[in-house]
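In what follows, a structure is listed as structure tokens, so that the remarks can point back to it.
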Amino acid sequence: EAWVGGHVYDRGVDGSECRWARVLTYDPPSRLVLSWDINPRWQIESDLNKTSEWEVRFTAETENRTRVEIEHRNFECHGEGWESVRGGVDSDQGWPLYLQRFHDLFTGRAP
């Protein structure tokens with residue numbers, strides 16, 4: 001949802017929604033900051049004081065090329081087990097995979 005206070009969510013085939021992030025900053029076209037409302041057990045975190053945040057920055061490099069950067073920070077806010085959150089998003093199945101999928105989608109390489 002493209003506004004501060006909006007959510008990032010997955011929608012199931014049955015129409016159910018799983019809200020797993022909140023929009024903290026919405027500053028198009030250059031950046032957005034989102035919460036990471038997933039705990040170290042990879043379940044939705046209801047205590048908003050125990051969430052980290054991730055910033056996505058878009059920088060135009062040329063007319064046809066944009067750099068996309070993700071900074072995920074404040075992992076320690078998750079409390080005990082926070083290292084598993086950092087390790088998960090830093091793994092080859094975390095942010096690197098999703099940045100590659102984003103790239104493939106916008107370059108016509110997506111399946």
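The values are calculated or read from the model by the stated rules, or taken from the named source; none is laboratory data. Keep in mind it's a predicted model, so treat the numbers as computed, not measured. Using ideal geometry, Cβ is built from the backbone for each residue, glycine included, and neighbour counts are taken over all protein chains shown. Surface areas here come from the heavy atoms of the whole protein model, side chains and all, with no ligands, DNA or RNA. Shrake-Rupley method; radii C 1.70, N 1.55, O 1.52, S 1.80 Å.
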Can you run down the residue pairs with Cβ atoms below 9 Å, 6 or more apart or on separate chains, where the first is in segment 100-111 and part of a helix (DSSP H, G or I) and the partner is open to solvent by 90 Å² or more (accessible area, probe 1.4 Å)? 103/109; 104/111
Selection within segment 49-59 - closer than 14 Å to residue 30 by Cα and either among the acidic types (Asp, Glu) or open to solvent by 80 Å² or more (accessible area, probe 1.4 Å) (or both): 55
Could you list, in sequence order, the residues of segment 53-75 that are acidic (Asp, Glu), without any contact (Cβ under 8 Å) to a residue 24 or more places away in the chain and either touching a helix residue (DSSP H, G or I) at 6+ places or on another chain (Cβ under 7 Å) or closer than 16 Å to residue 37 by Cα (or both)? 71
Cβ pairs under 7 Å, 6+ apart or interchain, first in segment 23-45 and open to solvent by 50 Å² or more (accessible area, probe 1.4 Å), second assigned to a loop (DSSP other than H, G, I, E, B), ordered by first then second residue, are 24/4; 26/2; 26/3; 26/4; 44/37
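In the list 14, 92, which residue meets the criterion of being within 25 Å of residue 1 (Cβ to Cβ), among the acidic types (Asp, Glu) and either out of contact with any helix residue (DSSP H, G or I) (no Cβ under 8 Å at 6 or more places or on another chain) or in a strand (DSSP E or B) (or both)? I'd like the intermediate steps shown before the answer.
Numbers: 92 fails: within 25 Å of residue 1 (Cβ to Cβ).
That would be 14, the only listed residue that is within 25 Å of residue 1 (Cβ to Cβ), among the acidic types (Asp, Glu) and either out of contact with any helix residue (DSSP H, G or I) (no Cβ under 8 Å at 6 or more places or on another chain) or in a strand (DSSP E or B) (or both).
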